[in-house]
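Peer 1: This is the structure I have questions about; it appears just below.
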Amino acid sequence: MPSDKEYVIRLTGFDLGQLVDGLEVRADAWRNTANYLSTGETPTYDFVVEECTDAHEAQRLADHYDCIIAQILEQQPHQE
């Protein structure tokens, strides 16, 4: 069941940067997985494919992470 509840989370600037960095790593992992499932090409020698049903699902997850990052970065200047 999806939740429409919104949360306000307080973080230091450093911690916010770390959070965004982590989300970017996850977005890249899903984007790389989508590319691998579409082309068969691995982006790096140590690439690990994420568990999903197909390239479309992997791309949807990458896009969702990008959306979360964008929402965070949009709100940040309003609080500085």
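Peer 1: For the pair residue 23 and residue 80, how long in nm is the line joining their label points, each one 7 Å along Cα→Cβ?
Peer 2: 1.6
Peer 1: Per residue, how large is the accessible surface of the chain? Use a 1.4 angstrom probe and give square angstrom.
Peer 2: Per residue, the chain has 82 Å² of solvent-accessible surface.
Peer 1: Hey, another quick one. If contacts are Cα pairs under 8 angstrom and at least 6 residues apart, what is the relative contact order of the chain in percent?
Peer 2: Numbers: 51 pairs, mean separation 26.0, N = 80.
Rounded, it is 32 percent for the chain.
Peer 1: Further question on the same structure: Compute the FRET efficiency between residue 9 and residue 49 as 1/(1 + (r/R0)^6), taking r as their Cβ-Cβ distance and R0 = 22 Å, and round to the nearest 0.05.
Peer 2: The pair residue 9/residue 49 has a calculated efficiency of 0.10.
Peer 1: Considering only 20, 49, 7, whose Cα is most displaced toward the positive end of the charge dipole of segment 1-61, charges sitting on Cβ of Lys, Arg (+1) and Asp, Glu (-1)?
Peer 2: 7
Peer 1: Which cross-chain or sequence-distant (5 or more) residues have an amide H under 5 Å from the amide H of residue 50, H modelled 1.01 Å from N in plane?
Peer 2: Those qualifying (amide H under 5 Å, at least 5 residues apart or on another chain) are 33.
Peer 1: Share of the chain's accessible area from carbon and sulfur, percent, 1.4 Å?
Peer 2: Of the solvent-accessible surface of the chain, carbon and sulfur hold 52 percent.
Peer 1: Something else: With +1 on the Cβ of every Lys and Arg and -1 on the Cβ of every Asp and Glu, and nothing else charged, how large is the dipole of the chain about its Cα centre, in debye rounded to the nearest 20?
Peer 2: Roughly 140 debye, rounded to the nearest 20.
The values are calculated or read from the model by the stated rules, or taken from the named source; none is laboratory data. Keep in mind that what you see is a predicted model, and the values were worked out from it rather than measured. Cβ coordinates were reconstructed from backbone atoms using ideal geometry, including for glycine residues, and neighbour counts include every protein chain displayed. Ligands, DNA and RNA are excluded from the accessible area calculation, which covers all protein heavy atoms including side chains. Shrake-Rupley method; radii C 1.70, N 1.55, O 1.52, S 1.80 Å.
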